[in-house]
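Remarks on the structure that follows.
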Amino acid sequence: MSAKIISGTETAKQIREELKTEVAELKEKHGVVPGLVTILVGEDPASVSYVTAKNKTAHNLGIHSEQVTKPADISEEELLALIDQYNKDPKIHGILVQLPLPKHINEARVLYAIDPDKDVDGFHPVNVGKMMLGEPCFLPCTPHGILELLVRAGVETSGAEVVVIGRSNIVGKPIANLMLQKRPAGNATVTLCHTRTKDLAFHTKRADIIIAAVGVPKMVTADMVKEGVVIIDVGVNRIGKTESGKAILAGDVDFEAVKEKAAAITPVPGGVGPMTITMLMKNTVQAAKQAAGLL
Ligand code: GUN
């Protein structure tokens, strides 16, 4: 058996078309143009490429976007002042500070400074709390994208054994929480594994769905999964460069071997990545509608 490939690229394209129509209607009927600002500190190549892709996508959808890049030695005070400026800017509905931040900056202080109504990353404790309670809020983009992929690929999650590998605040913790809730792509029995898990393969072998978000290339191997498993691979690991200098990417899952056993699997690249950016756009449109009293 060779797995069905769950294409994030195709699903993201479909959602972007829906959003493009929604953005055009918002402008035409209500005079509302959703606005996003991305704030990048420093020049980490991966972060630069993510932020550039976010702004390009926003532009393509008719979303007003501003890309702010600050030197790595910016002070925390200066960064907080910048956030405050955008908190007050009525053209801007969504504020995204690209992570990670340089060591001298307190990440929590920066994230907490963002107005929760403009927190399109869903990282502010107000939104994290609401998410945990199952209340309406901005969902963090990568978990949000995973839910949408599962729904649109028709994966049955109700009663399924889901194993999440990785306990980050951005992916592992929120996706584990969301998938046990009573919601689309929810109602699962969730196990959250991490670096201190004693026997990872014991858990993964019994999983109906595996969500790998660890950042270790090809860590999940074919002998660790059962026949018919559904794999969502969140890993984006740079494992080398082509002769022309382009990054060679690998997921957290040994795609070639595991796809022979899986029922469905997301590729890297072209899986979760394009969905993350798309859900950021969806959150920005949601923020604009909320600000205009349309939700
Ligand atoms: N760095 C890696 N993923 C993300 C993300 O989803 N949002 C932000 N702001 N930074 C990130």
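The values are calculated or read from the model by the stated rules, or taken from the named source; none is laboratory data. Values in this document were obtained by computation on a predicted structure and should not be read as measured data. Backbone-built Cβ (ideal geometry, glycine too); neighbour counts: all protein chains shown. To get the accessible areas, we keep the full protein, side chains included, count just its heavy atoms, and leave off ligands, DNA and RNA. Shrake-Rupley method; radii C 1.70, N 1.55, O 1.52, S 1.80 Å.
Do the conditions hold for Thr276, that is, is it modelled with pLDDT of 95 or more, more than 16 Å from the ligand (Cβ to nearest atom) and closer than 20 Å to Leu149 by Cβ?
No; evaluated as a whole, the condition is false for this residue.
Output the qualifying pairs, or none if there are none: Cβ atoms under 6 angstrom, residues six or more apart or on different chains, first residue in region 8-35 and closer than 17 Å to Asn283 by Cβ, second residue at pLDDT 95 or above and open to solvent by 60 Å² or more (accessible area, probe 1.4 Å).
Cβ pairs passing all conditions: Thr11/Arg152; Val33/Lys27; Val33/His64; Gly35/His64; Gly35/Lys91.
Given the condition in a helix (DSSP H, G or I) and more than 18 Å from Lys91 (Cα to Cα), answer yes or no: does some residue in region 23-39 qualify?
There is no residue in region 23-39 that is in a helix (DSSP H, G or I) and more than 18 Å from Lys91 (Cα to Cα).
Within the group Val163, Val155, Val126, which residue is touching a helix residue (DSSP H, G or I) at 6+ places or on another chain (Cβ under 9 Å), of a type in the set (A, V, I, L, M) and either within 16 Å of the ligand (Cβ to nearest atom) or open to solvent by less than 10 Å² (accessible area, probe 1.4 Å) (or both)?
Only one candidate qualifies: Val163.
In region 61-71, which residue that is in a loop (DSSP other than H, G, I, E, B) and within 19 Å of Asn283 (Cβ to Cβ) is least open to solvent (accessible area, probe 1.4 Å)? Even if it seems obvious, please write down each step before you answer.
If we filter region 61-71 for residues that are in a loop (DSSP other than H, G, I, E, B), which is where we start, we get 62-63, 71.
After this cut, where a residue has to be within 19 Å of Asn283 (Cβ to Cβ) as well, the list is 62-63.
Working: Gly62: 43, Ile63: 7 Å².
The residue in question is Ile63.
Pick out the one residue from Ala81, Ala58 that is in contact (Cβ under 8 Å) with a residue 24 or more places away in the chain, more than 13 Å from the ligand (Cβ to nearest atom) and among the small types (Gly, Ala, Ser).
Result of the check over Ala81, Ala58: Ala58.
Quick one: which of Ala262, Ala287 is assigned to a helix (DSSP H, G or I) and surrounded by 15 or more Cβ atoms within 10 Å (Cβ to Cβ)?
Just a single option satisfies the conditions, and that option is Ala287.
What tally of residues in region 92-123 results from selecting those that are within 13 Å of the ligand (Cβ to nearest atom) and in a loop (DSSP other than H, G, I, E, B)?
10
Yes or no, residue by residue, for (1) touching a helix residue (DSSP H, G or I) at 6+ places or on another chain (Cβ under 8 Å); (2) open to solvent by 20 Å² or more (accessible area, probe 1.4 Å); (3) under 19 Å from Lys289 (Cα atoms):
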| site | (1), (2), (3) |
| --- | --- |
| Ser49 | no, yes, no |
| His59 | no, yes, yes |
| Asp73 | no, yes, no |
| Glu76 | yes, yes, no |
